[in-house]
Amino acid sequence: MKGKLYMGLDVGGSKISAALVDIRGQMSLLRRQSTPPDGKLAQELLVEMARGLLEHVTASTAEVVGAGIGFGGPVDYRNQRIRGSHHTEGWEVNLPLAQEVGEALGLPVRLDNDANTAGLGEALFGAGKGKERVLYINVGTGIGGALVRNQQVYHGAHCHAGEIGHVILQKDGPLCACGHHGCLEPLASGTAMGQAAVRALDENPKLDTRLKDYPREEISGVLVSDLALEGDELSRSIIAQAADWLGLAAANACNVWDPDAVIIGGGVSGAGDTLMEPFRRAFRGYAAPPANEETDLYLAKLGYDAGVVGAAALALTTM
Ligand SMILES: [Zn+2]
């Protein structure tokens, strides 16, 4: 009997990733390329990378059942169309990307946004394996999220479910990309962490911190989390503050949806326990009992591969 494989295609702001994944979540033939700065070119590269993978399979004994695309921007899941992109210019609004890539490859293709696919990947094959209901929070340059139940992403009435980055925590807080003030995203994203570091350095140039060794434009959430891991005090306090906001938002979400587990992923999750300890403390403090003590709180397990594995998981769970 032929082994079944699912193709994962992850379209991020900086990289396009493609790989084949089996039903146990094992990945093979991973390819990564820089995302062209134009939607049309990016789509052509995506198809070319996918065809490259298919060429490898024809000679073997496996069958590629279909492909999933995780897209780094808002997606109309119901109509399988891109709503636009925050990261890359030139993506046509309402583009039926799944249909177009499907026709080019001769395969069924499903499309979702990349936070939903990463959450699905973590729920199936990562930290949430075996859990029925998973809330996934992706902390990168922005903050995305996903609600996964019984191995399916819950999209809601307007394909907006899981958008925890836009939960408002501080009515007069910092401006968010969505136009509102005080959303979780401008308080706790990687971008917000980088900005908090620059602000602290501007306010107090005498601070004893390794962040001073870097030009301001290189200070990002990932740098802050790397330095926090190495024990830099200012970086640790910035991570702790963001983790407190994340704990508050997660507690509010859990009071509504009551999942078995909350998983924190994305670039900033590289901070590990430096992030998770204050996150756990905040969540236990803010959520209502018994969920405050009984909800499992995990760091994502798949790392950078969550995107491509999750995109394949979308194909696996919908075909
Ligand atoms: Zn917002």
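The values are calculated or read from the model by the stated rules, or taken from the named source; none is laboratory data. As the structure is a computational prediction, the values presented were derived from the model and not from experiment. Neighbour counts are summed over all protein chains in view; Cβ atoms, including those assigned to glycine, are modelled from backbone coordinates with ideal geometry. Please note that ligands, DNA and RNA were not included when accessible areas were found on the heavy atoms of the full protein model with its side chains. Shrake-Rupley method; radii C 1.70, N 1.55, O 1.52, S 1.80 Å.
Numerical summary
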| read-out | value |
| --- | --- |
| Sparse-neighbourhood loop sites, GluC sites (Glu not before Pro) in the stretch 33-131 - DSSP loop, at most 10 other Cβ within 10 angstrom | 89 |
| FRET efficiency, 1/(1 + (r/R0)^6) with R0 41 Å, evaluated for residue 206 and residue 100 via beta carbons | 0.15 |
| Added length on full extension, which subtracts the Cα-Cα distance from 0.36 nm per residue, residue 41 to residue 63 | 5.1 nm |
| Percent carbon-and-sulfur accessible area, the chain, ignoring ligands, DNA and RNA, probe 1.4 Å | 49 |
| Cα-only Debye scattering, the stretch 131-300: base-10 log of I(q)/I(0) at q = 0.18 Å⁻¹ | -1.09 |
| FRET efficiency estimate (nearest 0.05) - Cβ-Cβ, residue 237 to residue 151, R0 35 angstrom | 0.35 |
| For the chain, accessible area per residue (1.4 Å probe, heavy atoms of protein chains only), Å² | 46 |
| Kirkwood Rh, angstrom, the stretch 106-183 [1 / mean 1/r, Cα pairs] | 13.5 |
| DSSP beta bridge pairing in the stretch 131-300, given as percent antiparallel to the nearest 5 | 55 |
| GluC sites (Glu not before Pro) restricted to DSSP loop in the stretch 219-319 with at most 13 other C-beta within 10 Å | 230 |
| Gain in span if fully extended, residue 217 to residue 293, counting 0.36 nm per residue against the direct Cα distance | 23.3 nm |
| Inter-probe distance in nm under a simple model that places probes 7 Å from Cα toward Cβ, at residue 132 and residue 256 | 2.1 |
| Approximate spin-label separation residue 281-residue 24, in nm, with each point projected 7 Å along Cα-to-Cβ | 4.0 |
| Degrees, to the nearest 10: 114-125 long Cα axis against longest axis of the chain | 80 |
| Förster-model FRET efficiency, 41 Å R0, residue 54 and residue 199, C-beta, rounded to 0.05 | 0.25 |
| Chymotrypsin sites (Phe, Trp or Tyr not before Pro) restricted to the stretch 232-297 and DSSP loop, no more than 16 other C-beta within 10 Å | none |
